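As structure tokens, the structure follows; a few thoughts come after it.
The values are calculated or read from the model by the stated rules, or taken from the named source; none is laboratory data. Note that the structure is a prediction, hence the values are computed from the model and not measured. Using ideal geometry, Cβ is built from the backbone for each residue, glycine included, and neighbour counts are taken over all protein chains shown. Surface areas here come from the heavy atoms of the whole protein model, side chains and all, with no ligands, DNA or RNA. Shrake-Rupley method; radii C 1.70, N 1.55, O 1.52, S 1.80 Å.
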Amino acid sequence: MDEPHNQVTNPGSIQGLVNENKGTVIQNFGAQAPRTPERVFDVPYARNDLFTGRGDLLKRLHDHFRQQRAAAINGLGGIGKTQAALEYAYRHKDEYPYVFWTNAAGDVTLSDDFVKIARLLRLPEKDEADQTVVVEAVKNWLAEHDGWLLILDNADDLALARRFIPAGVHGHILLTTRKAATVARGFSVAAMDEEEGALFLLRRAGKLASPDPAALAQVSASEREAAVAIVREMAGLPLALTQAGAYIADAASPVADYLPAYKRRRTGLLARSDEESQYPASVATTWLLSFEKVARRDPLAAELLLVLAFLAPDAIPEELLITGASELGPTLQPLVGDPTLLNDACAALSHFSLVQRDTAQRLLAIHRLVQTIIQANLPDDETRRQWAESVVRAVNKAFPDVENINNWPQCERYLPHAL
């Protein structure tokens, strides 16, 4: 993640709106007398006792808010965006007289939450039948007061979110979104590293209580090794780890028993939900919604995602996809004649953080669990076989002549995908 920095922004963006009046910092909140009540902490979830790590992210976010008014936590579905925002709200609630949490997944939920805010603030317009009047009243209150934190959770529709942001913001706005590029300064949530992931998994499984990494010494070396192996298999995805931990806790089984069970029936286990968590949607459900949106918006991007599901997850060369596109069916074949189409497809997938793109090296990467869910969501074994065969043919077509020593560096790039 990049270090926080001041930047020139588009006046029409959320950051442009909030930069209009940014002279107040956290320490000066409360300078303007608020209307009654004097304090509101409206967060619909209890603090997550199992929250683990993310200290660097939360610190950088807090430092950013000393200079700027808006920020966005972005990343893949299931990476822990909502949990990070929730922890930030609880960790810094004493610095904000007013904390408001809204569900920005749609116009209806966002409007309803703004009506709730109006009632909490006892605004004169709170009982108006026309919700647009109530929403404008809340926006006006936010524009006239400081000392507040407004969280817009699930703000994947940034045009919708922008409609609810007041001009001349004195408080702080925090979005969570799957969009890699946002209208506010973005903080990407990374996958958990092995130590952080193992600690989180063991806590959810009921094997450890403390969030201190030193607590890992309390379990046996074999349990630590088994936990790390699960973290590697799940590529550090918190939602997958909480599902694994819930399974281990429910079954009262050894940690080492999970990975063999997962490899035998991974699709079923990824479709399990953790009803005790504040994010009960399963990994499968979370990502299938994104896949469906991509398919509706950009068929070429959707088929590109299918191809990526059958390659090695990391360092996928873009030229492999372009050179082999003639073997990948009519939707992807135009890449041969117009490689720039790949830019639009990658942008559509990056939009939902489904792929990561290294533009300098012209490489793509996809989370291995995304690959698992995509393959599992294909209608039948025959369809999976057809896609696998198409990708094999594409790699075979693109693979350079190994007898020419000058081709060996490119062969090395292609080898993981050929294997």
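Counting protein heavy atoms only, region 141-216 has 50 percent of its accessible area on carbon and sulfur, 1.4 angstrom probe. If you take all other residues with their beta carbon under 13 Å from the beta carbon of K397, and give Lys and Arg +1 and Asp and Glu -1, the sum is -3. Taken about its Cα centre, region 325-419 carries a charge dipole of roughly 220 debye when the Cβ of each Lys and Arg holds +1 and the Cβ of each Asp and Glu holds -1.
The candidates R162, R185, arranged from most to least accessible area with a 1.4 Å probe in the full protein assembly, appear as R162, R185.
What the Kirkwood sum gives for region 370-419 is a hydrodynamic radius of 12.5 Å, with every pair of different alpha carbons counted.
Derived value for region 318-419: Kirkwood hydrodynamic radius 14.9 Å. Basis is the mean of 1/r over every pair of different alpha-carbon atoms. Accessible area per residue (1.4 Å probe, heavy atoms of protein chains only) ranks R413, R296 as R296, R413, with the largest value leading. Note: relative contact order over region 202-256, using C-alpha pairs below 8 Å and six or more positions apart, is 45 percent. Working value for region 203-242: equivalent-ellipsoid semi-axes of 17, 12, 8 Å, each the square root of 5 times a Cα gyration tensor eigenvalue, largest first.
Working note: Cα atoms of region 63-221, range along each principal axis, descending, whole Å: 61, 31, 30.
Of V395, A376, L364, which is farthest on the positive side of the dipole of region 363-415, counting Cα position, with +1 on Lys and Arg Cβ, -1 on Asp and Glu Cβ, and the Cα centre as origin? Towards the positive end, the residue furthest out is L364.
Can you list, largest first and rounded to whole Å, the semi-axes you get for region 120-178 by taking the square root of 5 times each eigenvalue of its Cα gyration tensor?
Ellipsoid semi-axes (Å, largest first): 20, 15, 10.
Computed from the Cβ-Cβ distance with R0 of 45 Å, the FRET efficiency linking R39 to R362 stands at 0.30.
Could you give the length gained on full extension between D107 and T331, defined as 0.36 nm per residue of separation minus the Cα-Cα distance, in nm? Difference between extended and current length: 77.3 nm.
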